[in-house]
């Protein structure tokens, strides 16, 4: 059975709900003037870190694959005209880049811990 750390799981679910809400809401209430790709990277960096903390024994490859798929699906949903959002493949690239970056750091950290 997979070990789950409940506090991090709760934080992950809340962060995931917030990220999805902000991604599909036609008129997000909170608008900070930051480059769009930085917002994507902040969201998916946080989701990646919380995923690894919530599921410490999960495969890093699986975590990365699932989160990258989520980023792609968000872009597909944003292509719905009624949402008045932009579907941009580069947003998914930014999501995936930060996911990979965080997972590489986690892998290196785990390797150093084992020594």
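Descriptive notes on the structure:
- From least to most packed, judged by other beta carbons within 10 angstrom and beginning with the fewest, 104, 52 follow the order 104, 52.
- More than 24 Å apart - percent of Cα-Cα pairs taken over the chain: 28 percent
- Residues 38, 92 in ascending order of nearby Cβ atoms (within 10 Å, fewest first): 38, 92.
- Size of the range 60-115: Rg and Dmax of its alpha carbons, in Å, are 14.8, 53.
- The long axis of helix 89-113 is offset from the longest Cα principal axis of the chain by roughly 10 degrees.
- Helix axis angle, 60-78 relative to the chain longest principal axis, alpha carbon, degrees: 10 degrees
- Mean ellipticity per residue at 222 nm, deg cm²/dmol - from DSSP H runs of n ≥ 4 across the chain, formula -39500 (n - 2.57): -24500 deg cm²/dmol
- The calculated FRET efficiency for residue 14 paired with residue 38, based on their beta-carbon distance and R0 = 22 Å, is about 0.55.
- Modelled FRET efficiency - R0 25 Å, residue 53 with residue 25, Cβ distances, 0.05 increments: 0.40
- Candidates 61, 53, 70: whichever shows maximal mean-square fluctuation once the chain is modelled as a Gaussian network with Cα springs under 10 Å: 61
- Ordering 112, 41, 22 by the number of other Cβ atoms within 10 Å of each residue's own Cβ, fewest first, gives 112, 22, 41.
- Within the range 65-84, backbone nitrogen closer than 13 Å to the virtual label 7 Å beyond the Cα of residue 5 toward Cβ: none
- Between 0 and 90°, nearest 10: helix 6-24 axis offset from the chain longest Cα axis: 20 degrees
Bear in mind these aren't lab numbers, they're just calculated from the coordinates by the rules spelled out. As the structure is a prediction and not an experimental result, all values here were calculated from the model. Using ideal geometry, Cβ is built from the backbone for each residue, glycine included, and neighbour counts are taken over all protein chains shown.
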